[in-house]
Structure formats: structure tokens, C-alpha cells
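Novice: The structure's right below; bear with me while I get my questions together.
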Amino acid sequence: MNDTPEPGHQRVLIVDYGSQVTQLIARRVREDGVYCEVHPCQKVDGLFLETFDPSAIILSGGPESVTHDGSARAPDSAFTRGVPVLGICYGEQTMAAQLGGSVKAGSPEYGRAEIQIVRESPLFDGFGGVGHSEPVWMSHGDCVSAIPQGFEPIAVSEGAPYAAIADEGRRLYGVQFHPEVAHTPRGSLLLRNFTRKIANLTGDWTMAKFREEAVARIRAQVGRGKVICGLSGGVDSSVAAVLIHEAIGPQLTCVFVDTGLLRAGEGDQVVSLFRGQYNVPLIHVDASDRFLGALKGVSDPETKRKTIGRLFIEVFDAEAAKIDGADFLAQGTLYPDVIESVSVHGGPSAVIKSHHNVGGLPERMRLKLVEPLRELFKDEVRALGRELGLPPAFVGRHPFPGPGLAIRIPGEVTPERVRVLQKADAIWLEEIHKAGLYDSIWQAFAVLLPVKTVGVMGDARTYEDVCALRAVTSVDGMTADMSRIPWEVLERTATRIVNEVAGVNRITYDITSKPPGTIEWE
Ligand code: XMP
């Protein structure tokens, strides 16, 4: 779908040269209301540019050196189409090299740096004018050593004489630093200057407009067909379901497989939201006995994940088969899953955990896919959910893994242990809500350990399980830090869990970052 974008939209093309932070460019641009798409450099040739017809182009950073033979280049027509181009880091270097300047290898600069503005330019509008010093974040091994004809330096830094360059006439710009990262505090302003002031884009990307277009697209794709949507209780599948329901009403049937591994009360919430508030046809399958039965005696984390994944597909498949003449399967696939990552050095990355999602349903179902969220980032899905009237508390919910509480119970998962964990987890979340911390935390949950310790309650000795509390801050789940929860909140939670949850007599707080830890324990 994103190879043939909607005509008529103002859109920025981001060419990905393999930087770790390319997605952030897209997020910054979209946050500002300008639609953009990321495409790998290998795919972007002259013909692609012709078809895509971008209103502006951003060339990302990347790990390669422009000075190496065979390193990636932008199509020459990128610079002659008459649309503005912003090259970031590698993007600046390849632009300089392609247009007649030169790049010097081995002049690295990493981390915080100060640039000084040396010439007025719309790129630095609102920054403070000539002579102004601005903190930015650098991460480059090479740097531009001579600029092409027509260009002028507009900012310098100690390590980069061409920290920012411009050919104002042709609207070609290059920056050696990374405006897309949070360490460049006013990077968003720079990107906004590029899209709004230089490319004159109006920022026509709003959730209300997306909703309207998505509804029309779903109707066109589905026609009179029937769609099945697997609900997991999470934000993505719920937003997809509500959107599709708005488009095609009763042609949609949702299937909610309750694995018995959800948080306390979650199954009921999903059912009442979809049946009650939205009146969506919903098949609620209570498969907890099957899941817990299949997990009996299983304690290896990967075996647990695979068992749950396999069973989920079996149960879903069986229910889907009962829906007469279903043609489409809806999935809550998001943009980060769609962006084809550029692997400059090749080779698959190590499998840390095999993920299980509603999205992993089998190809053999032979259903066509409806993926209305393919163009959206997670925060945009939340915004769309709000736009569609989903309750704010539901839209703002922390992510929850497909295998559910099973991967928060190291060792064997039993119905009794699931119940104990649900109670402890509910208390932890309640205290976090009460302290007003929920929205600033990426994820908070309890883990029930297969370890017994000695305690004392009243005058009696106890010998019961340990419960670990986890709370992390994160931007995207790829890296995470422990949340600095106030002692009082931890203390109150610990007291409540030990008093209120039979079977637990000790609480610990997990202070491990990711890496080296992961967010979940299994
Ligand atoms: P880890 O534990 O790998 O988790 O640091 C990163 C993020 O992914 C979530 N997670 C999953 N989500 N299916 C999912 O949909 C899964 O199998 C799965 N395993 C982990 C985790 O909760 C965290 O947000």
C-alpha cells in the first residue's frame, strides 16, 4: 500500500541510508502534521521518484562512508526535480559529493556539539540569527571538506566546517548533525522550517483526515466482503477493529480469544467495550482451559511462547472457519513493522524472543489482508483511537505481550499462579494510577517468581513466593530504563500485596535497564 501512496497528499520522501534513527525523522515530520514515508535507498531510483512525486526529500544518515566505492547515492534527479532536499549526515555528504564537493574520511565527532550560525537561512528561522550558538548532536565518521558550487556554509562547529550548508536558490540543504534526535533540542524546529517554510507544506496530515480516507479505502478494498478481526485487547487491534467497523459495519466480525492469561478483568472490559459501546459483532472464545492445559509442565520460556502461539492460531482458525464466507483478515500492523529496514552489513539479527501477536496468523488461512494502520506510528494509533472515541484510559494502556501473563510467571504456569499474579499486578497498577505515574511509564507489571522465602506474619513463620515489580520508561520498547518510582509508592504496594495476596510474602523491585535486561522476564 505504501508503495503507491494516495495521490493529492503533500508528502515528504525520506530516503533511508541505514541510520539507526531514520524512523525518528519520520516521527518528527509527522508530529508536525506533514505526511511522510521512509523508503530504503536501494529502492529509490529516478523512476521511483517520478511515481512517488514527493513535495520534499530528506536523505537520512547512515553507517557507510561516501568515500568507499559502491556506497549508496541518491538518484541525480533528486537534486534537479526542483523540490527541496535536506541531507542529514550521510545524506549531506552524499549530496555534497554528488554535486561536485568532496568528503573527507576519518574526521569523527560523536555526541553533543555546539554549532554557530554564520549566515541567515530559513532553515534556522527562529534560532537566533548570525552568531547564535546552538547545541546539537553529532554522530559522524566523515565530514564534508569542500562544498559544491552554489552552496554556502550556514553553520559551523569545531569539528565540522560545514555543519550546515545551503544552496538557497535550488533549495538544497545539508546538516552534519542529527536534528531528529532528542539530544538536538530544537531539531524539530529545524525540520519544521524545512517542511513548512522552505517546502511550503501546509501540514495537511491530521487524524480526522486519515480517518476519513481510511474509511473510504477500507470500503473500496472490501466491497461487500466479510472481514474477520482478531482482538487481543491491545490498542492496535482495537483501533483497527473500530475503524473497520465504522467503514463496513456488520460485515466485520471480531474474534476475541481469551487465553486466560490476561490481566485481571481485561477480558470483560474488551467484551463490554466492543459489544456494549460499539455494538461490534463479537465472538468471545473462552479458551483458558485449553491454554492452561497446554502449558502444564512447561517451564522453558521459548516452549511457552511457541505453545501459546500455536494454540492461539488453532483456536482462532477454528472460530474463523465458522464465519461463513469470510474473505479478509484484519490486522493491526503498524508502520514500524512495514518499513523495510536497510541492512548495510547484511545478516539477520539474533532472535532474543519469538514474538507472538494476533498479527502472526498463518498465510494458509488464504484470506486477504486488511491493514488499515500500516501507515501509522504507535502514537498516531493512539491519536486515531481518541479520534474514534475510544476511552482515553483504554487508548493510553501500557503495551501487553501476546503470550500474556505466562511470560511473567517463570517456571510452570498454573491456574493458581495466574490468579495470584493477577491480584498482585492489579494492586501494583492501582497504586501507580493513584500516584499519577501511569502515563509517564512505558510499562508496569508484576512477575511471580518460582522462589520461596521465609517471612514472618503475626507471630507465625511464612514460607511463600516472591513477587517482583517492574516499571520502565522507554520511547519504543527497544531500550528501557527502570522507572524511579517514589519509595512511598513501592512501600505501599509491597505492604498491600503481602497483606492482600495469599501466597506472596516478599516483594522486590527490578532495577535492570534494557539492555542488558529485557522488559519482560521471559
Ligand atoms: P522485551 O521483553 O523484548 O519486550 O524487552 C519489548 C516489548 O515487547 C513486548 N513483548 C511482546 N509483545 N508479543 C507482543 O505483542 C510478544 O510476544 C511480546 N514479547 C514482548 C514487551 O511487553 C515490551 O513492550
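The values are calculated or read from the model by the stated rules, or taken from the named source; none is laboratory data. As the structure is a computational prediction, the values presented were derived from the model and not from experiment. Using ideal geometry, Cβ is built from the backbone for each residue, glycine included, and neighbour counts are taken over all protein chains shown. What goes into the accessible areas is simple: the full protein's heavy atoms, side chains included, and nothing from ligands, DNA or RNA. Shrake-Rupley method; radii C 1.70, N 1.55, O 1.52, S 1.80 Å.
Novice: I'd like to verify a number: residues in segment 442-489 that are β-branched (Val, Ile, Thr) and within 16 Å of the ligand (Cβ to nearest atom), how many?
Specialist: Qualifying residue count for the region: 5.
Novice: Let me ask you something else. Can you say whether Cys36 is open to solvent by less than 10 Å² (accessible area, probe 1.4 Å) and either of a type outside the set (Phe, Trp, Tyr) or more than 30 Å from the chain's Cα centre (by Cα) (or both), as far as the supplied structure shows?
Specialist: Yes; evaluated as a whole, the condition is true for this residue.
Novice: Quick check on my filter: what residues within segment 137-160 are in a loop (DSSP other than H, G, I, E, B) and either open to solvent by less than 10 Å² (accessible area, probe 1.4 Å) or at negative phi (or both)?
Specialist: Matches in segment 137-160: Gly141, Asp142, Ile147, Pro148, Gln149, Phe151, Glu158, Gly159, Ala160.
Novice: Regarding Leu405, is this residue open to solvent by less than 40 Å² (accessible area, probe 1.4 Å), at pLDDT 95 or above and away from the ligand (no atom under 14 Å from the Cβ)?
Specialist: Details: open to solvent by less than 40 Å² (accessible area, probe 1.4 Å): yes; at pLDDT 95 or above: yes; away from the ligand (no atom under 14 Å from the Cβ): no.
Spelling it out, it is not the case that Leu405 is open to solvent by less than 40 Å² (accessible area, probe 1.4 Å), at pLDDT 95 or above and away from the ligand (no atom under 14 Å from the Cβ).
Novice: Kindly indicate the residue of segment 18-33 that is in a loop (DSSP other than H, G, I, E, B) and not aliphatic (A, V, I, L, M) and also nearest to the chain's Cα centre (by Cα) among those meeting that condition.
Specialist: Gln20
Novice: If only one of Leu361, Leu295, Leu376, Leu329 is closer than 19 Å to Cys254 by Cα and either surrounded by fewer than 18 Cβ atoms within 10 Å (Cβ to Cβ) or at pLDDT 90 or above (or both), which one is it?
Specialist: Leu329
Novice: Would you please name the residue that is farthest from the chain's Cα centre (by Cα), looking only at residues in segment 161-175 that are surrounded by fewer than 24 Cβ atoms within 10 Å (Cβ to Cβ) and either of a type in the set (Gly, Ala, Ser) or part of a loop (DSSP other than H, G, I, E, B) (or both)?
Specialist: Looking at residues that are surrounded by fewer than 24 Cβ atoms within 10 Å (Cβ to Cβ) and either of a type in the set (Gly, Ala, Ser) or part of a loop (DSSP other than H, G, I, E, B) (or both), I get Gly169.
Novice: With the condition being at pLDDT 95 or above and under 16 Å from Leu190 (Cα atoms), I'd like the strands (runs of 3 or more DSSP E) fully within segment 41-131 carrying at least 1 qualifying residues.
Specialist: Hits in segment 41-131: 56-59, 85-88, 109-117.
Novice: Now a separate question. So the check is Cβ under 6 Å with 6+ separation or different chains; which pairs have a first residue in segment 88-105 that's open to solvent by 10 Å² or more (accessible area, probe 1.4 Å) and a second one that's in a helix (DSSP H, G or I)?
Specialist: Val103/Gln93; Val103/Ala97
Novice: Further question: Can you find even one residue in segment 276-292 that is small (Gly, Ala, Ser), at pLDDT 95 or above and surrounded by 23 or more Cβ atoms within 10 Å (Cβ to Cβ)?
Specialist: No.
Novice: So if I check each of Arg470, Arg506, which one is part of a strand (DSSP E or B), closer than 14 Å to Glu431 by Cα, of a type outside the set (Gly, Ala, Ser) and in contact (Cβ under 8 Å) with a residue 40 or more places away in the chain?
Specialist: Exactly one residue qualifies, and that residue is Arg470.
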